[in-house]
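Just so you know, all these numbers are worked out from the coordinates, no wet-lab data involved. Treat the numbers as computed from the prediction; the structure is a model and nothing was measured. We place every Cβ from the backbone using ideal geometry, glycine too, and count neighbours over all the protein chains shown.
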Amino acid sequence: MPRIDVRCKVDLPVSIISMKDGGKGNAETKAKFSSISLGGGYINHNISNSSNKIIGLKYDLPRHGEFEILGEVIRSEGAGFAARFYNLNRDAKIKLWDYIKDNLNDELACSYCGKENTQKFRACDTCGWGLNFHSQDYIVNHEKESFVSRIESKSRDFSIEEIYRVLNYVDVEILKIGKNLDINEEFVGSSQGLLNVFSMIRKVAPTDIPVLITGESGTGKELTAMAIHERSQRRNKPFVTINCAAIPENLIEAELFGHEKGAFTGAYTSKMGKFEYADGGTIFLDEIGELSLPLQSKILRFLEDKIVERIGKNGGKKIDARLVAATNRDLKNAIARGNFRKDLFYRLDVFNINLPPVRDRGDDKIILARYFLNKFSKEMNLTKTLSPETIDAIKSHDWPGNVREIINKIRRAVVVSKELAITPQDMDLDVPVHTDVMTSLKEVRHSIEKQKLIEALKHCNNNISKVARVLGISRPSVYSLRKKYNI
Ligand SMILES: Nc1ncnc2c1ncn2[C@@H]1O[C@H](COP(=O)(O)OP(=O)(O)OP(=O)(O)O)[C@@H](O)[C@H]1O
Ligand SMILES: [Mg+2]
């Protein structure tokens with residue numbers, strides 16, 4: 001099996017930034033890389049308590065300046081340790097490669113598989129990988145040829161659940177690439193709930209059926225509406241949004257349907273409504289549950305004969321717009337209270353996409369947090385990661401504000417965090433109580449309870465009434481404890 005990244009011997013100073021023992025603040029230690037590759041390096045420094053430790057690495061490359069990256073200590077070896085680099089971005093990789101290739105010696109052996117070569121400057125006779133290190137395209141070509149081996153080496157110890165998780169993720173990513181299947185590029189997640197949503201979007205997008213999107217606030221209803229439009233044949237026509245809750249009741253009819261000049265006081269000119277703007281495209285009625293009953297009737301009329309009528313105009317105009325509506329209200333409840341038209345509900349509910357709340361999306365919480373962390377860190381030119389406690393805190397938080405809350409908390413954390421790794425405090429999250437502590441407390445309680453029961457039974461010669469008196473509990477409790485501990 002050839003090595004995936006070329007390694008070279010170097011003598012490169014590096015500062016290791018690690019958390020001080022006790023977790024308070026950072027310590028910076030000077031050391032040297034004695035060998036380095038694009039994937040990691042060996043550092044001549046004895047690091048204490050080293051396994052799985054995340055560290056920062058700061059080094060200066062000749063011609064390219066200073067870099068600060070994240071790494072993980074993978075093992076102590078000799079007088080130093082081997083580190084793996086984390087998420088080296090493309091720019092840092094290209095510059096590091098520039099440095100590595102200048103330090104490669106001119107051996108005839110292949111830098112990947114070690115076999116002697118006759119055609120050193122093309123591809124290895126044995127493993128077939130490119131050796132033209134000085135070509136401009138070398139790095140891109142190598143990333144391509146080593147892609148599958150890289151995945152293989154990272155996934156060797158995966159459990160079947162982890163394999164499915166990766167495959168689901170790959171499916172979603174592949175759906176986004178080419179074949180006109182591109183869901184909005186910011187639709188992140190690979191939980192079963194979200195995969196179902198993607199599948200419904202794919203099914204309904206090419207049709208003209210009205211869609212009702214439901215879900216709690218911040219779950220991505222507007223994003224879903226846009227994804228439907230982008231994947232429909234109307235994608236080059238307007239996508240018009242109107243938030244029914246944000247416009248005062250007396251203005252919304254004119255907003256939606258337009259008006260003629262002089263139709264009411266203040267109507268100095270005639271005005272086109274949103275439905276007319278959306279002709280040929282999609283109209284997205286956000287918070288449709290907030291519309292008044294008379295306006296609901298006008299929407300129903302549009303759904304039935306595609307006619308919209310400006311205020312003050314006799315006769316309507318035929319409009320070809322696809323209607324997508326969203327609400328975070330329970331419309332059935334609104335119908336029961338007389339606030340929503342049943343017939344409109346059934347017209348809309350023909351195709352309902354319900355967005356699951358983030359708390360039911362499993363590991364999507366982490367995928368979303370990492371996605372926005374990368375995005376905001378890049379915007380601010382920073383490198384940040386999530387500490388293990390933060391990952392636990394994200395997993396156990398309920399996320400009532402859903403994706404929007406994740407976005408806000410990560411945005412805040414990137415700004416306030418002082419360390420490389422974001423802490424739960426940076427995100428204003430509670431540190432979860434570890435369930436293993438709870439379990440062990442429970443276990444301790446059980447073992448004491450059992451021990452005391454055995455002692456009392458022995459002491460009282462199995463006389464249940466006496467045992468109950470000695471332990472200060474009722475007789476039925478003694479029976480149920482005996483049953484519980486099989487005594
Ligand atoms: N799966 C997702 N991946 C990435 N970003 C998402 C995802 N879902 C939602 N977002 C982002 O979260 C924010 C909230 O989403 P959106 O506005 O679509 O939610 P909503 O359900 O319409 O919320 P509200 O009911 O409050 O109007 C937006 O910035 C959106 O881009
Ligand atoms: Mg919305």
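Quick look at the values:
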| read-out | value |
| --- | --- |
| For Ser292, net neighbour charge (Lys/Arg +1, Asp/Glu -1) across residues whose Cβ lies under 9 Å away | -3 |
| Qualifying trypsin sites (Lys or Arg not before Pro) in the range 249-292, DSSP loop, other Cβ atoms within 10 Å at most 14 | Lys261 |
| Alpha-carbon centroids, the range 228-299 and the range 53-99: separation in whole Å | 55 Å |
| Sparsely packed trypsin sites (Lys or Arg not before Pro) within the range 406-435, loop by DSSP, other Cβ within 10 Å at most 11 | Lys418 |
| Magnitude of the charge dipole, the chain, Cβ model with Lys/Arg +1 and Asp/Glu -1, debye to 20 | 1460 debye |
| Dipole of the chain [Lys/Arg +1, Asp/Glu -1 at C-beta], most positive-end residue of Asn236, Tyr346, Phe284 | Tyr346 |
| Radius of gyration and Dmax over the Cα atoms of the range 192-354, both given in Å | 15.7, 54 |
| Axial C-alpha extent at least 15 Å, average Kyte-Doolittle at least 0.5 - helices from the chain (DSSP) | 192-204 |
| The range 435-484, Cα convex hull volume normalised per residue, Å³ | 69 Å³ |
| Estimated FRET transfer efficiency when R0 is 25 angstrom, pair Ser76-Asn103 (beta carbons, to 0.05) | 0.55 |
| More than 21 Å apart - percent of Cα-Cα pairs taken over the range 320-418 | 51 percent |
| Coil-residue GluC sites (Glu not before Pro) of the range 60-119, DSSP, other Cβ within 10 Å capped at 15 | Glu107 |
| Shape of the range 65-124, Cα gyration tensor, a/c cut at 1.5 | oblate |
| Value in Å of the Kirkwood radius, where the chain supplies the Cα pairs that are averaged | 28.5 Å |
| Computed label-point distance, nm, for sites Met1 and Ala246 using a 7 Å Cα→Cβ extension | 5.3 nm |
| Label-point separation in nm, Asp320 to Lys378, each point 7 Å along Cα→Cβ | 3.8 nm |
| Alpha-carbon radius of gyration plus Dmax, which is the widest Cα pair, for the range 208-297 in Å | 14.4, 42 |
| Evaluated at q = 0.10, 0.16, 0.20, 0.22 Å⁻¹: base-10 log I(q)/I(0), Debye formula over Cα of the range 8-153 | -0.39, -0.93, -1.30, -1.44 |
| Cα-projected label distance for Arg359 with Glu152, points at 7 Å along beta-carbon direction, nm | 4.5 nm |
| For the chain, Cys with no neighbouring Cys Cβ under 4.7 Å | Cys8, Cys244, Cys460 |
| Cα-based equivalent ellipsoid of the range 182-258: semi-axis lengths in Å, sorted from largest, via gyration tensor | 25, 16, 10 |
